[in-house]
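Please treat every number below as a calculation from the coordinates, not as lab data. Note that the coordinates shown come from a computational prediction; the quantities given were computed from them, not determined experimentally. As a convention, Cβ positions derive from the backbone with ideal geometry for all residues, glycine included, and neighbour counts pool all protein chains shown.
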Amino acid sequence: MRKLAAGNWKMNGTAEDLAEVSALITAHPAPGCEMLLCPPATLLSRMADIAAGSALMVGGQNCHAKASGAHTGDISADMLKEAGATHVILGHSERRADHAETDIAVRAKTMAAQAAGLTAIVCVGETEAQRNAGETLLVIGAQLAGSLPVKLTGAVDGLVVAYEPVWAIGTGRTPTLKEVGEVHAFIRAALVERYGETARAIRLLYGGSVKPSNAADIFAVPHVNGALVGGASLKASDFGPIVAALAKA
């Protein structure tokens, strides 16, 4: 299984920040794992042009479930692909919270992304209140059941699951390694139960305050096949060491 280091720029970045992309490519021409950046839509095609011919892949941060139509401000999966995307992040907790995205909506987007030939990175994760109430696995199980396609219609490479505890995103806090391992083992078992043994090849990413100082320890946890990185992906000097740590894991 080829591991994946994915960076989510969120609503950050203008043209001048594309210099970080060139720096990352120069520093990691053959990173030893898959390397992905998901910038704002305004930078997607320009980042794809810079990344062309390199080991870096480019993705979107969201897509609409429909291929086209009267959906002002939205972007379809086909549009992302035409702009140079190979992946798209779906169901991120910030989308679920800020835009009231439901599991059913995330499933529809996931199916649209896969139909367009994109790899869907589907995010799941619990809030701090849910963890404190002992509901972590219950919440994540429900999100998996509702957000993922009922059947795998293509190769397992077309689906990635990212576990991002909501309370750890951008806070500098992370679950213990034991807690990360417990959730990733649960997700793996749920995927195998849903899709069969082929689901053992679906990559599971951890996200939530991943940084150079903790990356190696996180990547040593069973069933952690990479990371979905937020703020630390904005600078090549931060994201590069995370990529290197994953390549060694």
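Taking only the alpha carbons of the range 42-186, we obtain Rg and Dmax values of 16.0, 48 Å in that order. Here is the result for the range 7-82: no trypsin sites (Lys or Arg not before Pro) lie in DSSP coil with at most 11 other C-beta atoms within 10 angstrom of their C-beta. Taking amide H atoms as placed 1.01 Å from N in the peptide plane, the amide H of THR119 lies under 5 Å from those of HIS87, VAL88, each 5 or more residues away in sequence or on another chain. Normalised by the number of residues in the range 4-248, the mean separation of alpha-carbon contacts (under 8 Å, six or more apart) gives a relative contact order of 21 percent. Bridgeable lysines around LYS248 (alpha carbons under 19 Å apart, same-chain partners fewer than 8 residues away excluded): LYS3, LYS211.
Radius of gyration over Kirkwood radius for the range 207-247, both on Cα atoms: the Rg/Rh ratio is 0.92.
Taking the helices alone, the chain has a mean residue ellipticity at 222 nm of -11000 deg cm²/dmol, built from -39,500 (n - 2.57) per DSSP H run of at least 4 residues and averaged over all its residues. Reducing the range 115-170 and the range 19-67 to their Cα centroids gives an inter-centroid distance of 22 Å. Taking a straight line from the alpha carbon of LYS66, these lysines sit under 28 Å away, with near neighbours fewer than eight places off in the same chain left out: LYS10, LYS81, LYS109, LYS151.
Computed log10 I(q)/I(0) for the range 1-60 at 0.20 Å⁻¹: -0.69, from the Debye equation with unit scatterers placed on every C-alpha and solvent omitted. Here is the tail figure for the chain: Cα pairs spaced more than 22 Å apart come to 49 percent of all pairs.
I'd like the antiparallel share, as a percent to the nearest 5, of DSSP beta bridges with both residues in the chain. Expressed as a percentage, antiparallel bridges in the chain total about 0.
Each of GLU101, GLU193, GLU126 was scored by other Cβ atoms within 10 Å of its Cβ. Listed from fewest to most, they are GLU193, GLU101, GLU126.
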